[in-house]
1. From the phi angles alone, apply the Karplus equation (6.51, -1.76, 1.60; θ = phi - 60°) to segment 62-77 and give each ³J(HN,Hα) in whole Hz, x where the residue is Gly or Pro.
2. So, taking all protein chains as they sit and a 1.4 Å probe, how much accessible area belongs to Asp26, in Å² rounded to tens?
3. Counting Lys and Arg as +1 and Asp and Glu as -1, what is the net charge of the other residues whose Cβ lies under 15 Å from the Cβ of Ala72?
4. Using alpha-carbon pairs under 8 Å, 6+ residues apart, how would you state the relative contact order of segment 1-59 in percent?
5. Per residue, how much accessible area does the chain have with a 1.4 Å probe, in Å²?
6. I'd like the carbon and sulfur percentage of the solvent accessible area for the chain, probe radius 1.4 Å, heavy atoms only, ligands and nucleic acids excluded.
7. Quick check: from the Cα gyration tensor, does segment 1-43 come out rounded (a/c under 1.5), prolate or oblate?
8. Working only with C-alpha atoms, what are the Rg and Dmax values of the chain, expressed in angstrom?
Amino acid sequence: MCTYLTETISIAGSGKGATGWFRLTDATVYFDHPVHAMAEHTLNIDVTAPDHGPAARVALELTADAARELVAAIQAALDSAPTGPTA
């Protein structure tokens with residue numbers, strides 16, 4: 001069941017690809033058919049640095065259950081982090 005809903009946001013971070021670390025500037029999230037994962041549909045997350053070409057990309061294809069578990073783990077990690085200028 002493809003939703004065709006695509007969320008695109010600007011981000012600040014780094015990712016590691018085949019050629020090493022690079023700054024990430026964009027993220028796209030959508031629910032669709034995967035390219036590689038062994039599932040009919042997955043939540044797909046692409047984090048990219050378009051200024052550095054197509055190789056500057058980190059891609060995830062997660063089952064819905066795995067995506068929800070990742071969201072919960074991210075929220076738990078953020079909730080446990082100290083607040084202030086370094087957070």
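The values are calculated or read from the model by the stated rules, or taken from the named source; none is laboratory data. Please read all numbers here as calculations on a predicted model, not as lab measurements. Don't worry about glycine lacking a Cβ; one is built from the backbone with ideal geometry, like all the others, and counts go over all protein chains shown. The protein model used for the area step is the full one, side chains on, heavy atoms only, and it has no ligands, DNA or RNA in it. Shrake-Rupley method; radii C 1.70, N 1.55, O 1.52, S 1.80 Å.
1. 10, 4, 4, 5, 5, 5, 5, 5, 5, 4, 5, 5, 5, 4, 5, 5
2. About 50 Å², rounded to the nearest 10.
3. Value of the local net charge: -2.
4. Normalised by residue count, the contact order of segment 1-59 is 31 percent.
5. With the other protein chains kept in place, the chain gives 75 Å² per residue.
6. 61
7. Here segment 1-43 falls in the oblate category.
8. In Å, with Rg to one decimal and Dmax whole: 14.5, 43.
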